[in-house]
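In what follows, a single structure is set out as structure tokens and then discussed.
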Amino acid sequence: MIARNLGLSRRQVTRLLRAGRVLDPGGMRLDDARLPCLPSDGPRTVVVDGVEHLLHHRVSVLLHKPVGVVTAHEDARHPTAYALLRGAPLHRELRAVGRLDLDTSGLLLWTTDGTLLHRLTHPRYAVPREYHVGLAGPFCDPTPQLRLDDGHVPTIAAWRRAPLDEMHPALRRSATAREHASITLTSGRFHEVRRIFAALGTEVVDLCRVRYGSIELPPELPAGAHEAVDLHAVFRGLSPAPEGPEDEAPASESPEDEGSRSARPEDEAS
Ligand code: URA
């Protein structure tokens, strides 16, 4: 736990323990590397070289992703969303819950919990994602028959035209955006919102994800900032997923479309 939380090797931690540099908050020396530290005990505090550290088993954070940052751990050309999480507990283990394009801002969740990440992105759970959108011009109303360029039929849970002053403050306000809308999808296909509006006759100029399940992007959270989040809250108020084998995705839709692997820079819009 000390190795994971402080970003050290096990050997480095063994040395610290042996040298008496790790204490409990009461000042008692901790030098037994086999001392149990169970998830059920909750986060535990240790003091290493006089500095207190809270040891976490699992961590989830909500990032306000700015425009111009890629959803990736590493990228040769652009700053990464991952770099913005520096300083978060268990930073090395955090994985993005889905991806946002380079030009998209808004709510990007991260977690160290692989099971939860799978549930949050798997099509079977159909977690609704709401986006606020600035558009180059008028568009047709979507119909259930709407088919995208790759034949995919998007599941649009809700949509509406809306005035600019009803858009989330995190949506970029480009001068070329003439119309605004809100759209909620229960899937996370590659460039899905952009491709939906292209099929409806216009172009997305500004795009911001404002909600993932029941978790909203806090309006006061500055771009680039992150905060701790309870990801179980995503499912609060949603209907339970239909019964079925946990790991099988429908042939037409794979959980890999949104983030069950490490984000790849080539997937991003530029
Ligand atoms: N749909 C898109 O087109 N882009 C995103 O970043 C997210 C959803």
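Just so it is clear, none of the values below were taken in a lab; they were calculated from the coordinates. What you see is a predicted model, and the numbers here were worked out from it, not measured in a lab. Backbone-built Cβ (ideal geometry, glycine too); neighbour counts: all protein chains shown.
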### Query
Which residue, chosen from Gly151, His180, Gly137, occupies the Cα position most advanced towards the positive end of the dipole of segment 92-180, where the dipole is computed from +1 (Lys, Arg) and -1 (Asp, Glu) charges on Cβ about the Cα centre?
Gly151
### Message
Using helices alone, I'd like the mean residue ellipticity at 222 nm for the chain: each DSSP H run of four-plus residues gives -39500 (n - 2.57), total over residue count, nearest 500.
### Response
-3000 deg cm²/dmol
### Task
Report relative contact order for the chain in percent, whole number only (criteria: Cα-Cα under 8 Å, sequence separation at least 6).
23 percent
### Task
Name the shape class, rounded, prolate or oblate, that the alpha-carbon gyration tensor gives for segment 2-55, where a ≥ b ≥ c are the square roots of its eigenvalues, rounded holds for a/c under 1.5, and otherwise prolate holds if a/b is larger than b/c and oblate otherwise.
rounded
### Query
Calculated FRET efficiency, Arg15 and Ala83, Cβ-Cβ r, R0 22 Å, to nearest 0.05?
0.15
### Query
Taking the chain as a Gaussian network, Cα atoms linked when under 10 Å apart, which of Pro79, Pro123, Pro163 shows the biggest mean-square fluctuation?
Pro163
### Query
What relative contact order, as a whole-number percentage, does segment 47-95 give when Cα pairs under 8 Å and 6 or more residues apart are counted?
30 percent
#### Entry: Two-site label geometry, Ala241 and Leu221: point separation in nm, points 7 Å out along Cα→Cβ
2.3 nm
### Query
Tell me, what is the percent relative contact order of segment 2-55, built from C-alpha pairs under 8 Å that lie six or more residues apart?
28 percent
### Query
Which shape class applies to segment 125-216: rounded if a/c is under 1.5, otherwise prolate when a/b exceeds b/c and oblate if not, where a ≥ b ≥ c are the square roots of the Cα gyration tensor eigenvalues?
oblate
### Query
Which residues' amide hydrogens lie under 5 Å from the amide hydrogen of Arg95, considering only partners 5 or more residues apart or on another chain, with H built in the peptide plane?
Thr111, Thr112
### Message
Report the gain in length on full extension from Leu54 to Asp31: 0.36 nm times residue separation, minus Cα-Cα distance, nm rounded to one decimal.
### Response
6.5 nm
### Message
Ranking request for peptides 28-34, 18-24: highest mean number of other beta-carbon atoms within 10 Å first, then the rest in descending order.
### Response
18-24, 28-34
### Task
Would you mind putting 206-213, 144-151 in packing order, based on average other-beta-carbon counts within 10 Å, highest first?
206-213, 144-151
### Task
Please report how far the C-alpha centroid of segment 31-53 lies from that of segment 98-120, rounded to the nearest whole angstrom.
29 Å
### Query
Once you sort the root eigenvalues of the Cα gyration tensor of segment 28-135 as a ≥ b ≥ c, which label holds: rounded (a/c under 1.5), prolate (a/b larger than b/c) or oblate (the other case)?
prolate
### Query
So, in nm, how far is label Glu166 from label Thr143 when the simple model puts each one 7 Å beyond its Cα toward the Cβ?
2.5 nm
### Task
Sticking with the crude label model, points 7 Å out along Cα→Cβ, report the distance from Ser214 to Asp230 in nm, one decimal please.
0.9 nm
### Query
With point charges of +1 on the Cβ of Lys and Arg and -1 on the Cβ of Asp and Glu, referenced to the Cα centre of segment 2-55, which listed residue (Pro25, Ser9, Val48) lies farthest in the positive direction of the dipole?
Ser9
### Task
Please pull out the direction-averaged projected area of the chain, using the convex hull of its alpha-carbon atoms, in nm² to one decimal place.
17.0 nm²
### Message
Need the C-alpha centroid separation for segment 153-212 versus segment 60-81, integer Å.
### Response
20 Å
